[in-house]
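Following: one structure in structure tokens, then a few remarks.
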Amino acid sequence: MLYNQPNPLEVKVLSRRFTLPNSQSIETYLANDGYKALEKALDMTQQQIIDEVKASGLRGRGGAGFPTGMKWGFVPRQSPKPKYIMVNADESEPGTCKDRLLIEYDPHQLIEGVMIAALAVGSEQGYVYIRGEYRYLIDVMDRAIEEAYAKGVLGDNVMGRGKKFHLATHSGAGAYECGEESALLESFEGKRGNPRIRPPFPAVAGCYQSPTILNNVETFCAVPAIILSGAAYFSGLGSPKNGGTRLFCLSGHINKPGVYELPMGFNLMRMINEVGGGMRGGKKLKAVIPGGSSCPVLKANECDIAMDFDSVAAAKSMLGSGGVVVMDEDTCMVNAALRIMKFYAHESCGWCIPCREGTNWLKKLLTRFHEGMGTRSDIILIGDLSKNMLGRTFCPLGDAAAMPTIAFVEKFQDEFEAHLDGKPCPYENTSRPVTA
Amino acid sequence: MADLVKFTIDGRELEAPAGTLVIEAAKRNGIEIPSFCYCEGYSLQAACRMCLIDVEKMPKMQVACTLPVGAGMVIHTDSDQVKKARKSTLEFLLANHPLDCPVCDKGGECELQDMVFRYGAGESRFTENKLHVDEQQWSPVVFYDGPRCILCFRCVRACEEGMGVGALGVINRGAVSLIAPNHGDHLECDECGQCIDICPVGALTSGAYRYQTRPWEMEHVGTICTHCSDGCKTTLGVRNDEIIRGNNRDRSGINGEFLCAKGRYAYDFYNHAERIQSPLVRVGGKLEPVSWSKALEVVANKFGEIRSRSGEIGVIGSNHTTNEENFYLQKFARHGLNTNNIDHHRTGDVVTLIDALSGTTGQLATTQDLYEKKAFLVIGTDLALEHPFLSFQIRASHRHHEAHVYTITAEKVREDNYAVRAIRKPAGQEIDALEELRTALAVEPELVIIFSDSVKGDAVRKLVEFGQSLGTAVKYCALVDYSNSRGAIDMGVVPELLPGYQPSGKPGLSAQEMLASQTLEALWVVGANPLKDAAMASKKTFVVVQDMFLTETAQRADVVLPAASAYEKNGTVTNVCGEVQRLTRAVSAVGAKTDLEIIGLIAKEMGLAATVGPWVPDTVYNEIRKTVKGYNIPLAMLAVQSQQTAPVNGRVPVESRPDLIHSAHNGLFTSGTLGRYSKVLHTVMESRESRSAQEEMAHS
Amino acid sequence: MTFSPETEVRFAKFLAKYPADRKRSAVIPMLIYGQDEVGAVTEELIEEIAKRTGVTPLQVTEVVGFYSMLHRKPQGTYHVQVCTNISCLLVGGQELYDQACHKLGIGHKEVTKDGRISLEEVECMGACSWAPAVQVNYDFYHDVTPAQLDKLLDGLAAGKKPEEIAEVHKVSC
């Protein structure tokens, strides 16, 4: 049972098996194109696999949108060190709930994508780092892995073709920063989730300081379709340089929130109105966060854009993780900025001064401000402190905290001003400040 | 030598070897790039973001502490953007940092204060509530003020990487992160206090110094620690002729940033209440205070009377008096008192080592060798406890140069944590394991062999034979116990040797024999406590003791003369590696006189001043320079840095006396007599004992 | 310290997943699964995990405070986690949390006197499109209405197991 109704506008590639009965089982998978891409890849050279992924235009679906084939190409395949495949299933970006579905409804697709990546670089070991809260999905993944071993897909003789690949799950324990690839690797080693100095990048020195392909769940899940149906097919589904489809997570003040697989480049307004069922209660649209809370908010009149990496970047925001958060006219932008800053302050790993102190300061400042005890110079200070974090922190979490805040305070200055001089918050969901 | 790379910083064209970090290249050219977390010698962090700089053609600002210089790189450390970045980083740091300056020990020597003066804004815009946690005391000598902590993690690295102890960690997340000790609310560690020195702010402070004074009220005197033989420089903070603290912020000694608990805290014996402040003479069975002239008269009369009859006089010298005092003492004994009965408590077989190395040069290791060489064999000692600085050097060589370490010890030692091979052998049988290591050691590019007193006499010869047969460059170090044990042997405070390893050619009693003798008429003990573990056979021997405390030997004495400590005099001492260094007087002795002066006064009182000359340290040193082989080192050179003596490279044809060699194997918190009178060391030890008793009870 | 046979088997499997010289990787999985059994991350659990993975207790302690799901103090038998992050905030997550606080009489990370229920205001749990979302231990509840929350909390307080509370359906798979 899916968590939301599908939409006819969807182009179901990664999610095409979701509604099949017993979609988790390897029998269902095998009966529906399952592991055929892997068989094909076993006959390809490493370079061929990488070239195919490059040509597909697939870009990282975790948030950064880095071209996947290029990333795989950075792995020094001649290195005598063992190569690792690491799946980033630490999905924690607010507004994002898609990797959950991919694991829950089609775990074998993930396994297949991982194994193709393994062939591309000569890896014999992979791990799936799953956030601690997704405990039931660790069980789902474990069961799928067991099935794959039983069927001879995983193990010392992959599909009887002599190659080795082993896969195991690994539980996190609650830390957003561990979704950052180098922090994930530190956490995987049993340490605090602090990010690492880069360079070297994970492709060269990743898991246990060995060459590693580290990608998001959705990124790996796209790979079987690319290999089976070809790069041209996949890239053709999307827009130039932004190949394929992606799972968009629509949430907020719409009638039909849900996860929908749509082509890259799908128009945001159409997404809200035709996929998301339009604004609930007939309210007017005020703002949209296009790709998870790290992305600068778009005002209603900025939403007529194509949802792909380049177009959203041109609109001075990011496609990010595909978490589309829709806010109506009754939403307090100050409260939204506050709650998002609280998140970053709570999740800041504490390694570097600007992020650790900046998010903490801004949390306190915005709390006081939202309660009506702010001054005009505080509005300037919010922007200034955010800009002092931007580009100066050790990892992108500082940017993720700074950019949305700058967008809120610049695009909705009037709302900030409406909170001055002890005036009560003018909007419905004026909540008591949280004690996170 | 790596290729040189040319680059520009602030318009200046510079060059540096490829791989040099920008922050280092700048520093070497007099350009300061501020940083908190960058700490030379420790792992890179790039956490504090103070060192952000502009690099042309790079879109974002870069951290100078992890960026290697690149050919043609154009760097700006003084652009508006860089200035703004520094200002804002400091503003962020000062957000939660408490305005503790008025009560914080670090005020006046605080890096955060200095940085804010130089790079910060005049005001902070922070008007929220600051985070607060209460101060914690983690050991008798370590306090942690969480609110002040800037989370630079230097302390964590110093403890983990530098010391190999790892007693400090980081807990929680984000702005509420804190440093935490390894046992919940307290530290189980070496108490070396380097975490306190390395902390840029007043988050970690010394419990022995807390709240006592301001740094600018003290005069800082750098001298050589008077405890073990490693020869570390310690800096004593003196106010009104009182030592208020010891530390190593100076870092200019052979010990770099290292200092242990003894060097740091255990100066406090010097003003213990029981310190003898006036001469004592035994009258009617009890020791009574008398004037110096009276005491000297008693000694001179007695010594003179015995000497005139050619009666037997014995002299026991010290492991921690200066080279000048040792030289002077043996000279007076041999030329003034006409006796060759002169000895000291020997703690390592340096004599056999030098004899075994006859014909070679440059095979005695320096403390710098212990950092630079790539392979070490440690025999019969838990170096981290007994010679913590030597252990620090080897560990640093392992970290920085991937040096290989081999151990042959009775029990597990800290070096085992990163040793290539760790062999267990009971004390005295270590050399039986040497052959096992031959293949491995033979392929090392070079080797330093460090051995304790469990290798002595013939075993030393076997060890040297083994080392010389490996076919690789080998250096040696014979461990000795105290701050000038090596100097005592170098200066011939033994019956069989004159200064400079020349045979005396005359018979003489060893210290043991002096104690056992029924015919010794007078025994003169300078800075030693032989009666701690032994008894005097004769009740008739007249005993004169020069010491700081009423030790067991002083309690037997007929005359006690109060002596100055190392922190109260000038002179030179020689460390375990033969490195000669200068003492600098930090405080005045109260009532006591230096051993040098006392010996001179006794000679003068006996009319024998001409046999020894003036009791001026520099004058005596000049005589040492002229007459002691290997000590021809100008004082001016020693003022700049230590110099290793080059002892005779010929045979030392004397009978080896391994039976007389016993190391006390002092650990981190014991140091012979001086340790007994250090309140801080006692407090630390008691605290550890009571904790471990508690923990045992909790677990049983 | 020994664990239940089931957990011992699980821990042995964990240690076998990683290369032999990389046992430290098992620290965090052992902490969270160990906490499930022991009820909290105790000093004993820390020391046991340190022993089995070859690190110092301090190295394990450093990790405990970093990860939100690890607790030093025992939580309730049913740990109720309510998300108030942006997607849930927009559709009443804050109000749900306030309701839970009020109803249970406890606050963030506190436990009811009978030890049955604890409450935590959490960050995004990955149910944004089906908000507001609540987790009880590891079970997800989607589209939670105030009435449903009421029934859930009443049921738990009355001694029922979550699956026995008819009006609320945890997400199953």
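The values are calculated or read from the model by the stated rules, or taken from the named source; none is laboratory data. All figures in this text were calculated on a predicted structure; none of them were measured in a lab. Note that we place each Cβ from the backbone using ideal geometry, even for glycine, and neighbour counts take in every protein chain shown.
Between A:F416, A:F394, the distinction of being within 30 Å of A:I197 (Cα to Cα), away from chain C (no Cβ under 14 Å), modelled with pLDDT of 95 or more and surrounded by 18 or more Cβ atoms within 10 Å (Cβ to Cβ) belongs to A:F394 only. Only one of the listed residues (B:G231, B:G174) is within 14 Å of chain A (Cβ to nearest Cβ), buried (at least 19 other Cβ atoms within 10 Å of the Cβ) and touching an Asp or Glu at 6+ places or on another chain (Cβ under 9 Å). That residue is B:G174.
Out of A:V312, A:V334, A:V325, report the one residue that is touching a strand residue (DSSP E or B) at 6+ places or on another chain (Cβ under 6 Å) and either more than 9 Å from chain B (Cβ to nearest Cβ) or in contact (Cβ under 8 Å) with a residue 24 or more places away in the chain (or both). Exactly one of A:V312, A:V334, A:V325 is touching a strand residue (DSSP E or B) at 6+ places or on another chain (Cβ under 6 Å) and either more than 9 Å from chain B (Cβ to nearest Cβ) or in contact (Cβ under 8 Å) with a residue 24 or more places away in the chain (or both), namely A:V325. When B:E274, B:E217 are checked against the criterion of being among the charged types (D, E, K, R), in contact with a Phe, Trp or Tyr (Cβ under 8 Å, 6 or more places away or on another chain) and over 28 Å from B:A478 (Cα atoms), a single residue qualifies: B:E274.
Looking across the range C:93-116, the residues that are facing chain A (nearest Cβ under 8 Å) and either closer than 28 Å to A:E186 by Cα or outside any helix (DSSP H, G or I) (or both) come down to C:G107, C:H108. One residue stands out in the range A:419-436 among those that are among the polar types (S, T, N, Q) and touching a Leu at 6+ places or on another chain (Cβ under 8 Å): the one that is modelled with the lowest pLDDT, namely A:S431. Among the criteria (1) farther than 16 Å from A:G320 by Cβ; (2) within 12 Å of chain C (Cβ to nearest Cβ), the one A:I227 does not fulfil is (2). Screening the candidates A:F188, A:F201, A:F234 for the property of being within 10 Å of another protein chain (Cβ to nearest Cβ), in contact (Cβ under 8 Å) with a residue 60 or more places away in the chain and not acidic (D, E) yields one hit, A:F188. Just one of the listed residues (B:E696, B:E655) is out of contact with any Gly (no Cβ under 9 Å at 6 or more places or on another chain), among the charged types (D, E, K, R), in a loop (DSSP other than H, G, I, E, B) and over 26 Å from B:K262 (Cβ atoms), namely B:E655.
Residue selection: A:K81 satisfies the criterion of being within 27 Å of A:P202 (Cα to Cα), assigned to a loop (DSSP other than H, G, I, E, B), at pLDDT 95 or above and not hydrophobic (A, V, I, L, M, F, W, C). The set of residues in the range C:156-170 that are among the charged types (D, E, K, R) and outside any helix (DSSP H, G or I) comprises C:K160, C:K161, C:E167, C:K170.
Quick grid of which residues meet (1) buried (at least 21 other Cβ atoms within 10 Å of the Cβ); (2) at pLDDT below 95; (3) within 13 Å of another protein chain (Cβ to nearest Cβ):
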site	(1), (2), (3)
A:L110	yes, no, no
A:G113	yes, no, no
A:N157	no, no, no
A:R161	no, no, no
A:T169	yes, no, yes
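Looking across the range A:247-284, just one residue is under 23 Å from A:G63 (Cβ atoms), within 11 Å of chain C (Cβ to nearest Cβ) and without any contact (Cβ under 8 Å) to a residue 60 or more places away in the chain, and that is A:G276. Scanning the range C:130-147 for residues that are under 25 Å from A:P6 (Cα atoms) and more than 10 Å from chain A (Cβ to nearest Cβ) turns up C:P132, C:V134, C:Y141, C:V144, C:T145. Number of residues in the range A:365-375 that are buried (at least 21 other Cβ atoms within 10 Å of the Cβ) and either within 10 Å of another protein chain (Cβ to nearest Cβ) or not aromatic (F, W, Y) (or both): the value is 4. Quick check on the range A:51-70: of everything there that is buried (at least 24 other Cβ atoms within 10 Å of the Cβ) and in a helix (DSSP H, G or I), which residue is nearest to the chain's Cα centre (by Cα)? So the residue we want is A:T68. Given the conditions (1) part of a helix (DSSP H, G or I); (2) free of Cβ contacts under 8 Å to residues at least 60 places away in the same chain; (3) touching a helix residue (DSSP H, G or I) at 6+ places or on another chain (Cβ under 9 Å); (4) away from chain A (no Cβ under 14 Å), report the number of the one that B:R118 does not fulfil. Condition not satisfied by B:R118: (2). Looking across B:L515, B:L531, B:L561, B:L523, one residue alone is buried (at least 24 other Cβ atoms within 10 Å of the Cβ), over 19 Å from B:P289 (Cα atoms) and over 19 Å from the mean Cα position of the chain (by Cα). It is B:L523. Among the residues of the range B:598-636, those that are surrounded by fewer than 20 Cβ atoms within 10 Å (Cβ to Cβ), of a type outside the set (G, A, S), out of contact with any helix residue (DSSP H, G or I) (no Cβ under 7 Å at 6 or more places or on another chain) and assigned to a helix (DSSP H, G or I) comprise B:K604, B:T619, B:N622, B:E623, B:R625, B:K626, B:T627. Scanning the range B:421-442 for residues that are of a type in the set (V, I, T) and either in contact (Cβ under 8 Å) with a residue 24 or more places away in the chain or in contact with a helix residue (DSSP H, G or I) (Cβ under 6 Å, 6 or more places away or on another chain) (or both) yields B:I423, B:I431. The set of residues in the range B:177-211 that are part of a strand (DSSP E or B) and within 9 Å of another protein chain (Cβ to nearest Cβ) comprises B:L178, B:A180, B:P181, B:H183. Of the residues making up the range A:120-139, those that are closer than 22 Å to A:A175 by Cβ, in contact (Cβ under 8 Å) with a residue 40 or more places away in the chain and in a helix (DSSP H, G or I) are A:G132, A:E133, A:Y134, A:L137. Does B:L377 fit the bill of being farther than 19 Å from B:T572 by Cβ, touching a Phe, Trp or Tyr at 6+ places or on another chain (Cβ under 6 Å) and surrounded by 24 or more Cβ atoms within 10 Å (Cβ to Cβ)? Answer is yes for this residue. For the range B:248-297, what are the residues that are in a helix (DSSP H, G or I), farther than 21 Å from B:D595 by Cα and not hydroxyl-bearing (S, T, Y)? B:A261, B:K262, B:G263, B:R264, listed by residue number.
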